[in-house]
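S.K.: Pasting in a structure now, in structure tokens, and then I'll have a few things to ask.
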Amino acid sequence: MTSTPFVLPDAALQRFRETLPPDAVHVDQADRDELRDPYWPAGDRTYDSSAVLYPSTVEQLQEVVRVADELGVPVWTSSQGRNNGYGGPSPRVAGSVLISLRRMNRILEINHELAYAVVEPGVRWMDLADALEAEGGDLLLSVPDVGWGSIVGNSMDNGVSYLPNGADFMAPTGMEVVLADGSLLRTGLGAIPGNKSWHLYKRGLGPSLDALFTQSNYGIVVRMGVWLMRKPEAMASLHLSVPRNDQLGQAVDIIRELRMSGAIRGVPGLFSFPILAWQFPELGEYMGGKGALPEEEIQRLADESGLGRWGVRLGVWGDAPVVEHHVNRIKERWAEIEDSAVTHDARFTREQWGPFTTFGDKINGAAPMLDMLDGLPPGIGHLAFSPVVPLVGEQVQRLEGLLSEYVREHLDGNLSAAITVVNDRSLIIVVELDLVMGDEAQVRAAYDSLRQMVEHFGKLGFAEYRAHLDIMDIASEQLSFNDHAYRRFVEKIKDAVDPRGILSPGRHGVWPAAYRGGKAPGGR
């Protein structure tokens, strides 16, 4: 779609300055570059912005959007803007005005009786977790791998967290949304003034709209309910090994049945040996930048380290006898995998809750952190190809083989992947593509490979669960059933709710009518 940069009119900039405090409007390149993907080539301005705005209230944001709508200025919104490796807060249309919601960071409500909170988009996982702890620590927030991101922002991109409420978009409920004309919408029962069940019931009367605002450009979510869980009587944090690669399918089938039986309630993660190896300096150094290792060498390292070809991280929560029963059941089933092992088995009671020392214990204990970022080698970035796959061992095993073959042939590497079991019936395979940020040729080659993977595996029926800024159009192109009926439908919605096409044009391949001719309004 359009690659023509938008040129911000002086009149629009002046209006934004009249709307916001002086410290909330930034146009200098250094300030704008604080909100760009650090994993994009530094000298490439393809996804550059023209200004960054930091509203701190809903009213300020509404007025900014009204100005943008009146003058036809494309805006690209982020919450914390930490979605690095997927484009971060950078805009799809160069020259767009970035709206950062970092200053809209209030926790509006914590309800202990019904176990939910209500937050603005600038609230990070760490912020809400700290607030819950300060209020007595009886409630837990399902957390992701990195705690510095926005709860709202992660949810709006279908992001994953790992406790039971992290499964399949269970936690978010009830939104307040700024629309393209600056008006305010409340979804679900929030449409009834003063309704007490807004953040308790996921539907309403008539069509349910919450999901309409995920991975879309129909509105800007400024308030969201998030369900919490009570701190249980006991928690077990487990790590299990899968010794050989050909046992991956068996492991997947066991996890499916344990999930369906209720023994596993959270979101387990399976990690290939190259990812596990980064936790150990001697192995991490050996695995990185050495080219593809022979299968026999990978297996030798997996055996000698005791890590296995795949490692599984999961938690069990509940009353103490229930936790013991489920842990025993998990171990019984896992013993069916020849030579497998339980490599970590930690137990915590409500009275012994933290501080946690291992990464897995922190995740299962709802303690958001930055350990994953701290563990990245200097100068290394990442991209990800992330298809959704049925939770069936044979299908996962087959795709793993295809992915391994592709990575070995085209990238001269070994498959580095994390598998997230997002519900009882499907999983996401996140294939990591490492970037050596000081080597622009290598970085560009990795982006080329990502584009090729999306097309190659799209033809085999595998679709991304979220797309990097640079491949949004390519990923959208794969959704081609009935002459792209899906695209035509979402474009009709876009044109109806945002006639001037100002809200995040091109997000996940959804372009407004004004951009479909290939030239951005106001562009050169």
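S.K.: Which order do 339, 181, 37 fall in if you start with the one that has the fewest other Cβ atoms within 10 Å?
M.R.: Lowest to highest Cβ neighbour count: 339, 181, 37.
S.K.: Here is a follow-up. So what are the ³J(HN,Hα) numbers for the range 311-322, from phi and the Karplus equation (6.51, -1.76, 1.60; θ = phi - 60°), rounded to whole Hz, Gly and Pro as x?
M.R.: Those phi angles translate into x, 10, 10, 7, x, 10, 10, x, 5, 3, x, 5 Hz.
S.K.: Continuing with this model, one more query. Which angle between 0 and 90 degrees, to the nearest 10, do you get for helix 58-71 versus the longest principal axis of the chain when only C-alpha atoms count?
M.R.: With rounding to tens, the tilt is 60 degrees.
S.K.: Let me ask something else. Net charge near residue 191: determine it from the other residues with C-beta under 15 Å of the C-beta of residue 191, scoring Lys and Arg +1 and Asp and Glu -1.
M.R.: Cβ neighbours under 15 Å give a net charge of +3.
S.K.: Give me a comma-separated list of calculated 3J(HN,Hα) values for the range 501-509, in order, Karplus coefficients 6.51, -1.76, 1.60 applied at θ = phi - 60°, integers in Hz, x for any Gly or Pro.
M.R.: Karplus-based 3J(HN,Hα) across the range 501-509 equals x, 8, 7, 6, x, x, 4, 6, x Hz.
S.K.: Now for a separate question. If you take every residue apart from residue 488 with its C-beta less than 12 Å away from the C-beta of residue 488, what net charge results, scoring Lys and Arg +1 and Asp and Glu -1?
M.R.: That works out to +1.
S.K.: Further question: For the chain, give the magnitude of the charge dipole about the Cα centre (Cβ charges: +1 Lys/Arg, -1 Asp/Glu; no others), in debye to the nearest 20.
M.R.: Working: 49 positive and 70 negative charges, 338 e Å.
Magnitude of the dipole: close to 1620 debye.
S.K.: Need one number: nm distance between label points at residue 484 and residue 304, each 7 Å from Cα along Cα→Cβ, rounded to one decimal.
M.R.: Once both label points are built, they end up 5.2 nm from each other.
S.K.: For the chain, what does the relative contact order come out to in percent, with C-alpha contacts under 8 Å and a separation of six or more?
M.R.: Result for the chain is 18 percent.
S.K.: What angle, in degrees between 0 and 90 and rounded to the nearest 10, separates the Cα long axis of helix 10-19 from the longest principal axis of the Cα atoms of the chain?
M.R.: Long axis of 10-19 versus the principal axis of the chain: about 70 degrees.
S.K.: Roughly how big is the range 107-230's charge dipole about its Cα centre, with Cβ charges of +1 (Lys, Arg) and -1 (Asp, Glu), in debye to the nearest 20?
M.R.: So the dipole magnitude of the range 107-230 works out to roughly 420 debye.
S.K.: Around residue 383, with a cut-off of 13 angstrom between Cβ atoms, what is the net charge of the other residues, counting Lys and Arg +1 and Asp and Glu -1?
M.R.: Net of charged neighbours comes to -3.
S.K.: Further question: Which order do 443, 436, 75 fall in if you start with the one that has the fewest other Cβ atoms within 10 Å?
M.R.: Working: 443 22, 436 16, 75 27.
Starting with the residue having the fewest Cβ neighbours, the order is 436, 443, 75.
S.K.: May I ask for the distance between the Cα centers of the range 101-148 and the range 155-172, given as a whole number of Å?
M.R.: About 14 Å separates the Cα centre of the range 101-148 from the one of the range 155-172.
S.K.: Say the cut-off is 26 Å between C-alpha atoms; which of 202/231; 202/494; 196/494; 196/492; 196/362 go over it?
M.R.: Exceeds cut-off: 196/494; 196/492; 196/362.
S.K.: Order these peptides, 203-213, 392-402, by their mean beta-carbon neighbour count within 10 angstrom, highest first.
M.R.: 392-402, 203-213
S.K.: Rg/Rh for the chain: what does it come to with C-alpha atoms and Rh from Kirkwood?
M.R.: So for the chain, dividing Rg by the Kirkwood Rh gives 0.96.
S.K.: Please list 463-475, 265-277 highest first by mean number of surrounding beta-carbon atoms within 10 Å per residue.
M.R.: Ranked by mean Cβ neighbours within 10 Å, highest first: 265-277, 463-475.
S.K.: Go through 308-321, 483-496 and give me the packing order, highest mean Cβ count within 10 Å leading.
M.R.: Result, highest mean first: 308-321, 483-496.
S.K.: Here's something else I'd like to know. Report, to the nearest 10°, how far helix 393-411 tilts away from the longest principal axis of the Cα atoms in the chain, using its own Cα long axis and a range of 0 to 90°.
M.R.: Approximately 70 degrees, to the nearest 10.
S.K.: Residue-wise, which Karplus ³J(HN,Hα) couplings in Hz belong to the range 41-51, taking 6.51 cos²θ - 1.76 cosθ + 1.60, θ = phi - 60°, and x for glycine or proline?
M.R.: Along the range 41-51, the couplings run x, 4, x, 8, 9, 3, 10, 6, 10, 9, 6 Hz.
Where a number appears in this text, it was derived from the coordinates with a stated rule and is not lab data. This one's a predicted model, so the numbers in the text were calculated from it and none came from an experiment. Positions of Cβ are generated from backbone atoms using ideal geometry, with glycine treated the same way; all protein chains shown enter the neighbour counts.
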